[in-house]
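Participant: The following block contains the structure, expressed as structure tokens.
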Amino acid sequence: MLRSFIPQNTITIREYSGLGQRKQFYRKYPLELVGIIAPKEFYQSIDTINYVRGRTFTRKTLAVCLLFTILFVGSIITILGGVLTAFTSRPVWITLLSIGGTMFAIPTL
């Protein structure tokens, strides 16, 4: 029978988040770490982890916003090219359709 491995000496550090804030780890020093790691070193580690998690969240948010902006602009250019196809005989619509189609297709790759 297979069992999951649960370490004997585990320490749980809880997370918290306020309204509209990202999740962070509590900075409360666990008593189980007395004599193993200094409180100052623990606080520095928790601060570093929270900082890196915050940067990752910010980067992901910016990437999603950029993705939707490119998708939106690409679809608008494609629609504009389609409308120009119906009302004009100039070759401008070919350029707009190709640029818009490319911008619309890039986020889906």
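Participant: Filter region 27-54 down to residues that are among the aromatic types (Phe, Trp, Tyr) and in contact with a strand residue (DSSP E or B) (Cβ under 6 Å, 6 or more places away or on another chain), then give me how many there are. Spell out the reasoning first.
Facilitator: Our first condition is that a residue be among the aromatic types (Phe, Trp, Tyr); within region 27-54, this holds for 29, 42-43, 51.
Okay, now just the ones that are also in contact with a strand residue (DSSP E or B) (Cβ under 6 Å, 6 or more places away or on another chain), so none.
Of the residues in that region, 0 qualify.
Participant: Hey, does region 34-43 have a residue that's basic (Lys, Arg), at pLDDT 90 or above and not in a loop (DSSP other than H, G, I, E, B)? Reasoning before the result, please.
Facilitator: First, the residues of region 34-43 that are basic (Lys, Arg): 40.
So of that shortlist, the ones also at pLDDT 90 or above come out as 40.
Next cut, not in a loop (DSSP other than H, G, I, E, B) only: 40.
Within region 34-43, one or more residues are basic (Lys, Arg), at pLDDT 90 or above and not in a loop (DSSP other than H, G, I, E, B).
Participant: Return the total of residues in region 46-71 being under 29 Å from LYS28 (Cα atoms) and not aromatic (Phe, Trp, Tyr). Break it down into steps so the answer makes sense when it comes.
Facilitator: Our first condition is that a residue be under 29 Å from LYS28 (Cα atoms); within region 46-71, this holds for 46-61.
Pick out the ones that are also not aromatic (Phe, Trp, Tyr) and you get 46-50, 52-56, 58-61.
Total satisfying the criteria: 14.
Participant: For the condition surrounded by 10 or more Cβ atoms within 10 Å (Cβ to Cβ), within 24 Å of the chain's Cα centre (by Cα) and among the aliphatic types (A, V, I, L, M), what is the one hit in ILE36, ILE46, ILE11? Steps first, please.
Facilitator: Working: ILE36 fails: within 24 Å of the chain's Cα centre (by Cα); ILE11 fails: within 24 Å of the chain's Cα centre (by Cα).
Exactly one residue qualifies, and that residue is ILE46.
The values are calculated or read from the model by the stated rules, or taken from the named source; none is laboratory data. This structure is a prediction, so every number in the text was calculated from the model and none was measured. Neighbour counts are summed over all protein chains in view; Cβ atoms, including those assigned to glycine, are modelled from backbone coordinates with ideal geometry.
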